[in-house]
Amino acid sequence: MLALTELGQRLRQERESKGLSLEDLQKLTKIQKRYLLGIEEGNYEVMPGKFYVRAFIKQYCEAIGLDTDAIFEEYKSDIPSTQTEDIPQQLSRVRSRKEIPQHTKGVSKAYDYLPTVLVVAGVVVVGIIIWVIAQNIVSDKNKEQANQEAPNSEVQQSNTQEETNETTAKNDNSTSEDDQSAADKKEKEKAEREKAAKEKAEKEKAEKEKKDSGKQEYKEVQKTGRSATYALSGTDAFNLEVTSTQADTWLDVKNGKGNAFFSSILKKGETKEFDLTKETEARVNIGYSPGVELKVNGKAVDLPFDSSKQVRQVVTIQYQPAEAQ
């Protein structure tokens, strides 16, 4: 590998600082990767010609956001000057009369007949214009005569068409109104059915809650240390809700046989629900009781201890269904 020139080092450092690879730069500049590498290594011999060196360096600088003029001035000793001999010589040569193809001599002869051709073409065009004007005059006279002979027929036809359009419009409006009326009727019936079903469900729920709340009894049985036992009776359901409102807390919920329903962290703002209707006992172990709320069958119940004094609390609920009483 060739030693990098000062210009090549500057360009490579600037490219890498922007996180660009040579492949990325090739896509941006449309310059082949080997030429870009030649610029960084100062190996200008790989270029197709010295004429392209400055052009490629300029595109490289613009792609990575460098001031081209400043770079050319600062590193002018590293950049070769443009060589005029690289420009193809044929671009500056003027073709001599001998190089002009001989077949063009026939073309000059054709120009001698051009005035005659133009005059003939003009006469033909004027004749066509006169013929078109005459045809339009005759057509207008025929139309005027036809309009004078049958004005009543056109009026009658116009009236008939208007009547037909009015009848069609009325039929379309009638059909549209009928369709809209049927759709509105179905939508109204659907809304009424949904409303009735919702009212029925709310009524049944309210009656069940009223019935359960009238019979349900939740009372303290004993309290010792950080544990307390309660008896739940007068209801056919045992649903427990635990919510943490202030902070994360450890929560452990087991039945009387020690089988766990939940044993993990209860996140702040999270609620866990448990259907314990088939159980006779549930043990609720709360690691951090401040901000923890308990509900039994949708009704809030107090924790047995002051949470500011007793952070960890254990609540045991013994359940006896109403049917078994």
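The values are calculated or read from the model by the stated rules, or taken from the named source; none is laboratory data. A quick note: this is a predicted structure, and the numbers were derived from the prediction, not measured. Here the Cβ positions follow ideal geometry from the backbone for every residue, glycine too, while neighbour counts run over all protein chains shown. The protein model used for the area step is the full one, side chains on, heavy atoms only, and it has no ligands, DNA or RNA in it. Shrake-Rupley method; radii C 1.70, N 1.55, O 1.52, S 1.80 Å.
Looking only at region 223-232, decide whether some residue is more than 15 Å from V314 (Cα to Cα), aliphatic (A, V, I, L, M), in contact with a Ser or Thr (Cβ under 6 Å, 6 or more places away or on another chain) and touching a residue at least 40 places away in the same chain (Cβ under 8 Å). Taking every residue of region 223-232 in turn, none turns out to be more than 15 Å from V314 (Cα to Cα), aliphatic (A, V, I, L, M), in contact with a Ser or Thr (Cβ under 6 Å, 6 or more places away or on another chain) and touching a residue at least 40 places away in the same chain (Cβ under 8 Å). Can you pull out the residues in region 268-325 that are assigned to a loop (DSSP other than H, G, I, E, B), open to solvent by 60 Å² or more (accessible area, probe 1.4 Å), small (G, A, S) and under 14 Å from L240 (Cβ atoms)? Passing the criteria: none in range. Give V284, V296 a once-over and let me know the one that is hydrophobic (A, V, I, L, M, F, W, C) and more than 13 Å from V314 (Cα to Cα). Matching residue, one of V284, V296: V296. Here is the figure for region 232-267: residues that are closer than 25 Å to V311 by Cβ, assigned to a strand (DSSP E or B) and among the polar types (S, T, N, Q) total 6. Of note, S264 does not satisfy the criterion of being open to solvent by 80 Å² or more (accessible area, probe 1.4 Å) and of a type in the set (S, T, Y). Every condition in (1) at pLDDT 90 or above; (2) open to solvent by less than 40 Å² (accessible area, probe 1.4 Å) holds for P80 except the one numbered (1). Select from region 233-256 the residues that are closer than 13 Å to I317 by Cα, at pLDDT below 95 and either charged (D, E, K, R) or surrounded by fewer than 16 Cβ atoms within 10 Å (Cβ to Cβ) (or both) and list them in ascending order. Across region 233-256, the qualifying residues are N239, G256. Only one of the numbered conditions (1) closer than 14 Å to S227 by Cβ; (2) free of Cβ contacts under 8 Å to residues at least 60 places away in the same chain; (3) under 51 Å from the mean Cα position of the chain (by Cα) is not met by E281, and that is (3). The residues of region 4-29 that are of a type in the set (G, A, S) and either open to solvent by 50 Å² or more (accessible area, probe 1.4 Å) or at pLDDT 95 or above (or both), listed by number, are S17, G19, S21. Pairing residues of region 21-45 that are among the aliphatic types (A, V, I, L, M) with residues that are in a loop (DSSP other than H, G, I, E, B), at Cβ distances under 8 Å and at least 6 apart in sequence or on separate chains, gives L25/I31; L28/L20; L37/N43. State all residues of region 58-74 that are open to solvent by less than 20 Å² (accessible area, probe 1.4 Å) and touching a residue at least 40 places away in the same chain (Cβ under 8 Å); if no residue qualifies, say none. Across region 58-74, the qualifying residues are Y60, C61, I64, I71.
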